[in-house]
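A short worksheet on the structure shown next.
The values are calculated or read from the model by the stated rules, or taken from the named source; none is laboratory data. In this text the structure is predicted, and so the values were computed from the model without any measurement. Cβ sites come from the backbone with ideal geometry, for glycine too, and all protein chains shown count toward neighbours.
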Amino acid sequence: APQYPRYTRAEVAQHRTPNDRVWVTHGSDVFDVTDFVELHPGGPDKILLAAGGALEPFWALYAVHGQPHVLELLREYKVGELSPEEAAPPPADTEDPFAGDPPRHPALRVNSQKPFNAEPPPELLTQSFLTPNELFFTRNHLPVPSVEPGSYRLLVEVPGGRSLSLSLAELRRRFPKHEVTATLQCAGNRRSEMSRVRPVKGLSWDIGAISTARWGGARLRDVLLAAGLGDKSGEWHVCFEGLDKDASGTRYGASIPLERAMSPQAEVILAYEMNGQELPRDHGFPLRVVVPGVVGARSVKWLRSVAVSPAESPSHWQQNDYKGFCPSVDWDSVDFRAAPAIQELPVQSAITEPRPGAAVPAGELTVKGYAWSGGGREVIRVDVSLDGGRTWREAELCPRPERGRAWAWALWELRAPVAAGARLELVCKAVDRSYNGQPEGVGGIWNLRGVLSNAWHRVPVTVTR
Ligand code: HEM
Ligand code: MTE
Ligand code: MO
């Protein structure tokens, strides 16, 4: 057998672009696939996502690679092997509250490592209607709690009713499983565009703080009824608390109006399944709330307790965050009590392909993206412009797997001829069933926290020959 040079993972990681050569690993083999990048049937952008690292996490998502001819093709590009000492993982730091966080997919774009906040790259976001669990955006405010599923109990408190303490087995046995396909979006999605107008405080999300899954679990309504919830008049809320806490013991919390929790049409569930698998640790294992059509912040993960209360959750994230304000309000004048907590989100859309600044070939251009609105309001149309909003055409909405309440996004596509040498400004905007549209610019919706960023999405590209 031929002798190959040995490399460390750090050496492989230096080869991430065609200029530096594109290296990948598979098992303990190292490959230089630079000359294959342009030939890749899945496109050059996709293969580059794995550049400098292991192929396995990517190939696990795209099963076409599990065929013998793919491995044979790869073998032609072998240039080396990983050094034997590369196998052992680094020792964990026990002082670090985040040391127990789970491993993550290398494709995720990390906005903050501790706590972990990351979004899928746009090229993968609209690759499938349901976001693979490994790529689903993650928004953690605190370390991921370690939960032992056998001893886990959910506390349920209903005034005038009884307190329940439910094991996972009881939740599954006592309540029928309800499934709902729903998109979750963080209030801060597309914040980076807002901070370009004027600085805002918050994580700099691009367009990927949004993802879609099929969730399975018990209806919150059924659980509250089992706890003896009777007729309630006046204002009531359902407060959720997570098991995740900061150094002072403060836990993540949020609430929704009782009316939504009890509405059979609103389909609020306590989910133990995500896309047919048990919940991943980053997404709330073993149990989370899923509130379809509502800002992600209310879908509390690692659910510790559910309590019906005359007041909203006292949590910082309900009272002093996730609220919108007039563009003139600054950190000296802001009064968080003056604005209602965000629940249903406004209509949103974004272009996922091509990427800003891309050079696209002349001929037929395919523009792809997502569109979604809160409250179950179906997206009825997506308008796309190639000239900065002067003229428009209607995108084709990809068929949705199910009708009814539009808790999930619509993926869309537009094909248009483009001429060599042109400079285009691609723009998209969606319209929902209530004929709500998106604002043209960021200026009028700018707010100090950078939430609710849903202006027309603009993507400049140039056309080569
Ligand atoms: C398709 C090879 C990396 C995403 C394919 C196919 C081959 C291939 C041969 C066609 C398979 C068939 O239809 O029989 C490779 C090699 C890679 C690589 C050699 C690395 C050196 C990646 C990565 C991703 C990816 C990192 C994703 C991030 C895809 C997708 C398709 C595909 C989505 C399907 C395209 C379609 O159905 O039109 N790849 N691939 N590939 N690849 Fe890769
Ligand atoms: N629940 C707990 N317990 N802790 C959190 O930090 N983050 C919230 C919400 N639920 C959070 C939480 C926010 S702001 C969002 S946008 C969603 O979870 C993100 O869910 P995901 O990480 O599964 O995408
Ligand atoms: Mo969020």
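Details
- Residue count for region 210-261, restricted to those that are free of Cβ contacts under 8 Å to residues at least 12 places away in the same chain and either on the phi > 0 side of the Ramachandran plot or not charged (D, E, K, R) (or both): 4
- Qualifying positions in region 132-180 - in contact (Cβ under 8 Å) with a residue 40 or more places away in the chain, surrounded by fewer than 18 Cβ atoms within 10 Å (Cβ to Cβ) and of a type in the set (Lys, Arg): Arg162, Arg172, Arg174, Lys177
- Subset of region 60-92 that is surrounded by 12 or more Cβ atoms within 10 Å (Cβ to Cβ) and of a type outside the set (A, V, I, L, M) - its residue that is nearest to Arg190 (Cα to Cα): Tyr62
- Scanning region 1-42 for residues that are in contact (Cβ under 8 Å) with a residue 60 or more places away in the chain and either farther than 16 Å from Tyr77 by Cβ or not hydrophobic (A, V, I, L, M, F, W, C) (or both) yields Tyr4, Pro5, Arg6, Tyr7, Thr8, Arg9.
- On inspection, His283 fails the criterion of being more than 16 Å from ligand 3 (Cβ to nearest atom) and modelled with pLDDT of 95 or more.
- Only listed residue being more than 16 Å from ligand 2 (Cβ to nearest atom), closer than 21 Å to Arg104 by Cα and under 24 Å from the mean Cα position of the chain (by Cα), chosen from Ala10, Ala60: Ala60
- Options Ser309, Ser333, Ser305; residue that is more than 16 Å from ligand 3 (Cβ to nearest atom), surrounded by fewer than 18 Cβ atoms within 10 Å (Cβ to Cβ) and closer than 30 Å to Val147 by Cα: Ser309
- Within region 312-338, the set of residues being among the small types (Gly, Ala, Ser) and over 26 Å from the mean Cα position of the chain (by Cα) comprises Ser328, Ser333, Ala338.
- For region 49-69, taking the residues that are without any contact (Cβ under 8 Å) to a residue 40 or more places away in the chain and not in a helix (DSSP H, G or I), the one that is farthest from ligand 3 (Cβ to nearest atom) is identified as Gln67.
- The single residue among Pro44, Pro57 that is surrounded by 14 or more Cβ atoms within 10 Å (Cβ to Cβ) and more than 8 Å from ligand 1 (Cβ to nearest atom) turns out to be Pro57.
- For region 186-224, a tally of residues being within 14 Å of ligand 3 (Cβ to nearest atom), closer than 13 Å to Arg449 by Cα and small (Gly, Ala, Ser) returns 4.
- A single member of Asp222, Asp206 is closer than 23 Å to Ala371 by Cβ and either more than 11 Å from ligand 2 (Cβ to nearest atom) or surrounded by 18 or more Cβ atoms within 10 Å (Cβ to Cβ) (or both), and it is Asp206.
- Residue match in region 93-100 (condition: within 21 Å of Ala13 (Cβ to Cβ), surrounded by 14 or more Cβ atoms within 10 Å (Cβ to Cβ) and not basic (Lys, Arg)): no
- Exclusive hit being more than 15 Å from ligand 1 (Cβ to nearest atom), at pLDDT below 95 and in a helix (DSSP H, G or I), set Glu85, Glu95: Glu85
- Output for region 101-115, where each listed residue is crowded, with 18+ Cβ neighbours inside 10 Å, of a type outside the set (D, E, K, R) and outside any strand (DSSP E or B): His105, Ala107, Leu108, Pro115
- Flag for Glu72 being more than 15 Å from ligand 2 (Cβ to nearest atom) and either part of a loop (DSSP other than H, G, I, E, B) or touching a residue at least 24 places away in the same chain (Cβ under 8 Å) (or both): no
- Residue in region 246-258 that is touching an Asp or Glu at 6+ places or on another chain (Cβ under 7 Å), β-branched (Val, Ile, Thr) and within 16 Å of ligand 2 (Cβ to nearest atom) present: no
- Arg400 touching a helix residue (DSSP H, G or I) at 6+ places or on another chain (Cβ under 9 Å) and modelled with pLDDT under 95: no
- In the set Val79, Val30, Val24, only one residue is within 11 Å of ligand 1 (Cβ to nearest atom) and assigned to a strand (DSSP E or B); that residue is Val24.
- Residue ranges of strands (runs of 3 or more DSSP E) in region 149-233 with at least 3 members under 21 Å from Ala410 (Cα atoms) and small (Gly, Ala, Ser): 210-219
- Test: Val144 is of a type in the set (A, V, I, L, M, F, W, C), under 27 Å from Tyr322 (Cβ atoms), at pLDDT 95 or above and in a loop (DSSP other than H, G, I, E, B): yes
- Residue count, region 33-48 (criterion: within 29 Å of the chain's Cα centre (by Cα), at pLDDT 95 or above and assigned to a loop (DSSP other than H, G, I, E, B)): 1
- Options Pro356, Pro327, Pro340, Pro314: the member that is closer than 24 Å to Phe137 by Cα and either aromatic (Phe, Trp, Tyr) or assigned to a loop (DSSP other than H, G, I, E, B) (or both): Pro356
- Residues that are away from ligand 2 (no atom under 15 Å from the Cβ) and at pLDDT 95 or above, drawn from region 228-245: Gly228, Leu229, Glu235, Trp236, His237
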